[in-house]
Amino acid sequence: DRTDMTWILVGMVIMVFLYALSGVCTHLESPADHETFAERYAHRLAGQWPNAVFQDPDALPALSGRLLGPSSDVPLLLPVKAFEASAEEGQVPSIGQPGWSMEILSHSQTVIFKAHLSEEILPTGPLHQIKQDIERKQQMPQPILKISGRSEHGVEDYEFLSVDENLIIRDSGGAVFGRIVKEPSGEYALQEARGFLHDFRGRRVKWAFSVAQDRPGGSIMSMLVTWRPQGRLLATATRYQSKKFLRKGPEYLKVMNSQGVDMLLVLACLLGVAAFDLAPKTAALAAAAQHRTVEEDNTYGSVLDLGSPKFASLTTGVLSRLHMGFHRANSPAPADGGWQ
């Protein structure tokens, strides 16, 4: 009858609703997703909380995303003349001195970054301090090398990073990113700063690099950046001789990076070591050589000075010997052939 048909229709509607609800639930809990409602909620909530403290130990450090991926600007060209400029020759200030600057060129030889060195007072906020005891001059200006250029958001003259005389690397906001240390083997390594107080002690270093010179205190010939312990090659810098119409052009250091390697961090390591570690040693060797030259000139000059006691004593001795020889040669010999 009509009542039975009504109940049958209501039952079919309820069955269709339950079937649809079970299908939705089955889709949400499908094996391809492998997530429960609680896990899905936790994952969504995780994006609203600060990042986890523990990160991938093999993640490469990066200061900026400016040149992380493939780019037509790479390899970068660093003019060798800027590394070897000397203030005594009437050129720009030498590397490591305030006022020094370098235009970093792209592969097409257009200016892409600029490195410059000036004296500034370091920031004193909690994010700019380090717990390790090192020589610090917080209230006195000290040399700081900065790299600036066009940011990935189109901001001109954007300061990407800075390196001070203690080889402490800071990001664009002035916060400590890490520091460069020299190991007993002569190789350099990057210690990343972790934690609010930036305690470097006990930190494993994986970013390592070496700088080769043609001689102690000489020109930089190459740089090699590797990732420990696998020894993966991250970046290289090699000497490059350009040519213009079959003639030799300016010399450059050609810098190349691998996929995912921060080119700006590579530049910070190379320029920081060149300015604050290699340049002072080169200046010390040049000063020592000049001191030895001055001492030798003074020694020869004092001997050849006609009015000096050394020259008078030398002249008297020579004349005395000549006089004795002349007197013996002109004296007559005795009959037995002996001298009188």
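Descriptive notes on the structure:
- Per-residue packing, averaged as other Cβ atoms within 10 Å, sorts the ranges 113-120, 150-157 into the order 113-120, 150-157, beginning with the highest.
- Accessible area ranking (1.4 Å probe, heavy atoms, ligands and nucleic acids excluded), largest first, for 172, 72: 72, 172.
- Environment charge of residue 76, counting only residues whose C-beta is closer than 15 Å and scoring Lys/Arg +1, Asp/Glu -1: +1
- Residues with amide H under 5 Å from that of residue 219, placed H, sequence gap 5 or more: 214
- Exposure of residue 221 as accessible area (Å², to 10), given a probe of 1.4 Å and all protein chains: 70 Å²
- Orientation-averaged projected area, Cα convex hull of the stretch 181-292 (nm²): 10.5 nm²
- For the stretch 156-167, Karplus couplings with θ = phi - 60° (6.51, -1.76, 1.60), whole Hz, Gly/Pro x: 7, 6, 7, 7, 7, 6, 8, 10, 9, 5, 8, 6
- Here's how it looks for residue 120: its modeled amide H is under 5 Å from those of 142, 144, which are all 5 or more places away or on a different chain.
- Sorted on the mean count of surrounding Cβ atoms within 10 Å across their residues, most packed first, peptides 74-81, 263-270, 183-190 read 263-270, 74-81, 183-190.
- Sum of side-chain charges, residue 157 neighbourhood, beta-carbon under 11 Å (Lys, Arg +1; Asp, Glu -1): +1
The values are calculated or read from the model by the stated rules, or taken from the named source; none is laboratory data. The model shown is predicted, which means the values in this text are computed figures rather than measured ones. Don't worry about glycine lacking a Cβ; one is built from the backbone with ideal geometry, like all the others, and counts go over all protein chains shown. For the accessible areas, the whole protein counts, side chains as well, though only heavy atoms, and no ligand, DNA or RNA atoms are used. Shrake-Rupley method; radii C 1.70, N 1.55, O 1.52, S 1.80 Å.
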